[in-house]
Amino acid sequence: MNIITCIKQVPASSNVKVDSNTGVLIRESNNVKMNPYDLYGLETAFQIKEMKESVDIHAVTMGPPSAKQVLEEALYMGADEATLVSDRRFAGADVLATSYTLSQLIDHISNYDMIICGKQTTDGDTAQVGPEIAEFLNIPHVPYVVDIIEINRDGIVVKSTYDTYDEIVSVKFPCLLTLDKGSQVPRLPSYKRKQIMKTHQIETITLDDLDDQNPNHYGLNGSPTQVEEIFPPDKRSDSIQIKGSNKEVTKEIMDILAKNRYL
Amino acid sequence: MGYIKINQKKVTQDLADELQDICPFNAFDYVDQYLSINAACKVCKICVNKGPEGICEFIEETQVQINKKDYKGIAVYIEQKDNQAHKVGWELIGKAKELALKTEEPVYAIVIGNDVMKIAEEALNYGIDKVFVYQNKAYRNFNVENYTNVIEAFYRKYKVNIILVGGTMLGRSFAPRIAARLRTGLTADCTKLDIKENGDLLQIRPAFGGNIMAKIHTPNNRPQLATIRYKMFDAPPKIKRFGEIVEEPTDDIIIKTTIELLDTIHQPKVKDINDAEIIIAVGRAFKKQSDLDLIKPLQKRLNAEIACTRPLIENGWFDPRKQIGLSGRTVKPKLIINLGISGAVQYIEGMKESELIITVNHDSSNKLFDISHYAIHGDIYDILPELNKQLEVLEQ
């Protein structure tokens, strides 16, 4: 059984701010990490590998060359194979172009029964890429999966969690799952795996390797949505600043609550 | 449409450093006196607009333009479960009517299900032109494959300009499927919408994972698709109905899926923070779970609901339904007290419409202060014990 896991490197904190005077973006730090929901995806894949015989896990990511770091992490955790899809011509890709690029990469890898994604990334926060990849590949997707209940020869039964209810859903292979936080505890990269995998080649795929090589389908040109303008969030002009000793500011809180009839 | 071109002849080490400094995405590489842009580039054009003059240039590429006049109408997808409409649909009808005033286009609702005429009738009460109803036994439960086929059939027939979808958990799984099927853009969780005279929808949301907002448009694709969270907009008043219900045939729409719903398990009810009037929200400044006891006296006194930020959900301290923010719940309480919350924009966008906002934080540059009515500068570990003392005095 072949599983492809889509992962992404994200900022470790919300590290982009705007200087409100000049409109220039300020970069606070270069800290990056693996998207937390992708860790649940990887862990789920590893657990399937432990349950079933001959499961092959292939981690993929799209990004600049430095994004190889998350692929190494995946290999040291337990992935068998890793591929980066990277090309300057992918720059400026929105959700549609990103999903299309990843679906082209998955088509290029071609051999898969199941694709596992995190339910969303913590930087884009859209939760759209997984379902769009599934649509481009013309396969079903099941979102917000928290548990794998059963794996059969031709399909899988999973539990998905929604706002006020859970669903038990069966779906046939090939399919795509997006993973939410469930009972999985993501494992750490292991020293032993690192010794085995550190010489493992991570393949880089560019536009020239993909089936559809029309540059207009990728990057900014392949993106229907365009950012027209960026600006800092609204501020209140009437915000009241309260400073002083702990006792004084606490008294102020009490007064505000009393004035508004909450005390 | 286009790309950023670098004038290599003018590049020096200093100018390369300057560009590397200015780029928020680390997209410049300078190797062997050659400056290149890597795949991290988001084409934000800051290097063109704010960088050293004459180095970076944006080369526009024109594409075949669509005729925007051919696409008319703003359609709202009305989500239903067990033949009950989700209220976010009515809120979106309100916004759609506002937008349609500017462009003079009709407002539609789309209802998919089995035995859902009641929902269609209800939709007309909000003052829309037409409700398109797709009924079939196979549509009784939401199925992303079958429902996507319905929306595709609707769009191919009616060529609407815009489709709005509620940003519920189902909507967030459904809308991207529609977008990819129709090869068009989709903006998730818009916090504001506006429209240009030519019908271009302006979609405003936080962007790039940072504390910035982006105004996004879809200049050359139709339909324009957006999801909007529940409680982001107000539902319009019910008015005297004038529209009509159009029952659409479903015989020619393909019904085929390998997804089978085996069981639905209802979770124990928790009080929904969506509807709470008083909320105490807690964030990462709480170092351990037992420290949350510090808020108990205030919570009891105010009879408040407790809510939290995403990191505390990741810690496993709270039920995910207690999370405020664009990746959680949008709230509009009468009073919200923010304790030790760093103020990520996705959090702020989920609560900034609250009537009275009090924020306690030790960090004076906290972004939440900017939208608070009262910004209390202080550490929660100093303020809360003092507050509990003063509350106790008050009780006596």
Just name the residue that is farthest from the other protein chains (Cβ to nearest Cβ) out of those in region B:153-191 that are basic (Lys, Arg) and more than 11 Å from A:Gln128 (Cβ to Cβ). B:Lys157
Of the residues in region B:136-152, those that are within 11 Å of chain A (Cβ to nearest Cβ) and of a type in the set (D, E, K, R) come to B:Glu145, B:Glu152
Of the residues B:Lys102, B:Lys9, B:Lys68, which single one is open to solvent by 40 Å² or more (accessible area, probe 1.4 Å), more than 12 Å from chain A (Cβ to nearest Cβ) and in contact with a strand residue (DSSP E or B) (Cβ under 6 Å, 6 or more places away or on another chain)? B:Lys102
Checklist (1) more than 12 Å from chain B (Cβ to nearest Cβ); (2) not β-branched (Val, Ile, Thr); (3) not in a loop (DSSP other than H, G, I, E, B) applied to A:Ser54, failing item: (3)
Taking A:Gly130 as the residue in question, decide whether it is farther than 17 Å from A:Thr61 by Cα and either modelled with pLDDT of 95 or more or open to solvent by less than 10 Å² (accessible area, probe 1.4 Å) (or both). no
For region B:12-42, what are the residues that are of a type in the set (Val, Ile, Thr), modelled with pLDDT under 90 and open to solvent by 20 Å² or more (accessible area, probe 1.4 Å)? B:Ile22, B:Val31
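Yes or no, residue by residue, for (1) more than 12 Å from every other protein chain (Cβ to nearest Cβ); (2) assigned to a loop (DSSP other than H, G, I, E, B); (3) open to solvent by less than 20 Å² (accessible area, probe 1.4 Å); (4) in contact (Cβ under 8 Å) with a residue 40 or more places away in the chain:
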residue: B:Asp251; (1), (2), (3), (4): yes, yes, no, no
residue: B:Thr257; (1), (2), (3), (4): no, yes, no, yes
residue: B:Glu260; (1), (2), (3), (4): no, no, no, no
residue: B:Asp263; (1), (2), (3), (4): no, no, no, no
residue: B:Phe286; (1), (2), (3), (4): yes, yes, yes, yes
residue: B:Leu294; (1), (2), (3), (4): yes, no, no, yes
residue: B:Leu298; (1), (2), (3), (4): no, no, yes, yes
residue: B:Arg301; (1), (2), (3), (4): no, no, no, yes
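Mind telling me which of the residues B:Val116, B:Val133 ends up being open to solvent by less than 10 Å² (accessible area, probe 1.4 Å), in contact with a helix residue (DSSP H, G or I) (Cβ under 8 Å, 6 or more places away or on another chain) and farther than 24 Å from A:Ser170 by Cα?
That would be B:Val133, the only listed residue that is open to solvent by less than 10 Å² (accessible area, probe 1.4 Å), in contact with a helix residue (DSSP H, G or I) (Cβ under 8 Å, 6 or more places away or on another chain) and farther than 24 Å from A:Ser170 by Cα.
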Report, by residue number, each residue of region A:160-187 that is open to solvent by 30 Å² or more (accessible area, probe 1.4 Å), at the interface with chain B (Cβ under 8 Å from one of its Cβ atoms) and at pLDDT 95 or above. A:Lys172
Of (1) facing chain B (nearest Cβ under 7 Å); (2) open to solvent by 50 Å² or more (accessible area, probe 1.4 Å); (3) assigned to a helix (DSSP H, G or I), A:Tyr262 satisfies every one except (3)
When only residues in region A:58-100 that are of a type in the set (S, T, N, Q) and within 15 Å of the chain's Cα centre (by Cα) count, which is modelled with the lowest pLDDT? A:Gln69
In region B:222-235, residue least open to solvent (accessible area, probe 1.4 Å) [restricted to those that are at pLDDT 95 or above and assigned to a loop (DSSP other than H, G, I, E, B)]: B:Pro223
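Inside region B:303-324, can you point out the residues that are among the small types (Gly, Ala, Ser) and surrounded by fewer than 20 Cβ atoms within 10 Å (Cβ to Cβ)?
Filtering region B:303-324 down to residues among the small types (Gly, Ala, Ser) leaves B:304, B:307, B:316.
Correct list: B:Gly316 only.
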Yes or no: region B:96-105 includes at least one residue that is out of contact with any helix residue (DSSP H, G or I) (no Cβ under 7 Å at 6 or more places or on another chain), in the same structural domain as B:Glu197 (by TED's automatic domain parsing) and under 30 Å from A:Tyr165 (Cβ atoms). yes
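Where in region B:46-142 are the helices (runs of 4 or more DSSP H), entirely inside, with at least 1 residues that are closer than 30 Å to B:Asp14 by Cβ?
Per the criteria, B:46-49.
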Considering only residues of region B:192-218 that are open to solvent by 30 Å² or more (accessible area, probe 1.4 Å) and part of a loop (DSSP other than H, G, I, E, B), which is nearest to the other protein chains (Cβ to nearest Cβ)? B:Phe208
Which condition number does B:Asn274 fail, the rest of (1) closer than 20 Å to A:Asn260 by Cβ; (2) open to solvent by less than 20 Å² (accessible area, probe 1.4 Å); (3) not in a loop (DSSP other than H, G, I, E, B) being met? (1)
Scanning region B:362-379 for residues that are more than 9 Å from chain A (Cβ to nearest Cβ) and either open to solvent by 10 Å² or more (accessible area, probe 1.4 Å) or touching a Phe, Trp or Tyr at 6+ places or on another chain (Cβ under 6 Å) (or both) gives B:His362, B:Asp363, B:Ser365
Residue among B:Tyr108, B:Tyr134 that is more than 25 Å from the chain's Cα centre (by Cα) and among the aromatic types (Phe, Trp, Tyr): B:Tyr134
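Only one of these is crowded, with 24+ Cβ neighbours inside 10 Å and either part of a loop (DSSP other than H, G, I, E, B) or within 7 Å of chain A (Cβ to nearest Cβ) (or both): B:Ile383, B:Ile336, B:Ile341. Name it. It would help to see each step written out before you state the result.
Numbers: B:Ile383 fails: crowded, with 24+ Cβ neighbours inside 10 Å; B:Ile336 fails: either part of a loop (DSSP other than H, G, I, E, B) or within 7 Å of chain A (Cβ to nearest Cβ) (or both).
Among B:Ile383, B:Ile336, B:Ile341, only B:Ile341 is crowded, with 24+ Cβ neighbours inside 10 Å and either part of a loop (DSSP other than H, G, I, E, B) or within 7 Å of chain A (Cβ to nearest Cβ) (or both).
For every residue, the table says whether it meets (1) of a type in the set (Lys, Arg); (2) surrounded by fewer than 24 Cβ atoms within 10 Å (Cβ to Cβ); (3) closer than 28 Å to B:Gly171 by Cβ; (4) at the interface with chain B (Cβ under 9 Å from one of its Cβ atoms).
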| residue | (1), (2), (3), (4) |
| --- | --- |
| A:Glu72 | no, yes, no, no |
| A:Thr83 | no, yes, no, no |
| A:Asp87 | no, yes, no, yes |
| A:Leu105 | no, yes, yes, no |
| A:Tyr112 | no, yes, yes, no |
| A:Cys117 | no, no, yes, no |
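The values are calculated or read from the model by the stated rules, or taken from the named source; none is laboratory data. Quick caveat: nothing in here was measured; it's all calculated off a predicted structure. All Cβ positions, even for glycine, are placed from backbone atoms using ideal geometry, and neighbour counts span all protein chains on display. For accessibility, only protein heavy atoms count, side chains too; no ligands or nucleic acids. Shrake-Rupley method; radii C 1.70, N 1.55, O 1.52, S 1.80 Å.
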